[in-house]
């Protein structure tokens, strides 16, 4: 078995009632795929601190980080992704897209209408069951 680089990231499942916020990737190998906003954890940060910082940087918004939904472990061809996914809510700000190409509020009914990145598939099923 080859040793893949492990990339540890956090993702914010920002919830407003029965809607969740998703962003479309604007760059890189997986450009145009849909995901939950977030990013890499710096050495000195907890996952929650990383998420607050990333959302401030990417969306100019202050969030409250809630419960861990799950930690997704996913093997991409060239790296292993370990992604802590948390329920979050907006404290203040308007979710201004600084890096993403597009964004949408999705409901249980519309969650499958976007092209999710492969690592998110299992998480989407779980979230669908948790949304009313």
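Figures for the structure shown
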{"read-out": "Long-range neighbours under 8 Å by Cβ, at least six apart or interchain, first residue without any contact (Cβ under 8 Å) to a residue 24 or more places away in the chain and on the phi < 0 side of the Ramachandran plot within the stretch 105-132, second in a loop (DSSP other than H, G, I, E, B) and surrounded by fewer than 16 Cβ atoms within 10 Å (Cβ to Cβ)", "value": "128/108"}
{"read-out": "Among residues of the stretch 37-57, those that are within 25 Å of residue 108 (Cβ to Cβ) and either at pLDDT below 95 or touching a helix residue (DSSP H, G or I) at 6+ places or on another chain (Cβ under 7 Å) (or both), counted", "value": "2"}
{"read-out": "Residue tally, condition closer than 24 Å to residue 130 by Cβ and in contact (Cβ under 8 Å) with a residue 12 or more places away in the chain, over the stretch 1-24", "value": "16"}
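The values are calculated or read from the model by the stated rules, or taken from the named source; none is laboratory data. Source: prediction; values computed, not measured. All Cβ positions, even for glycine, are placed from backbone atoms using ideal geometry, and neighbour counts span all protein chains on display.
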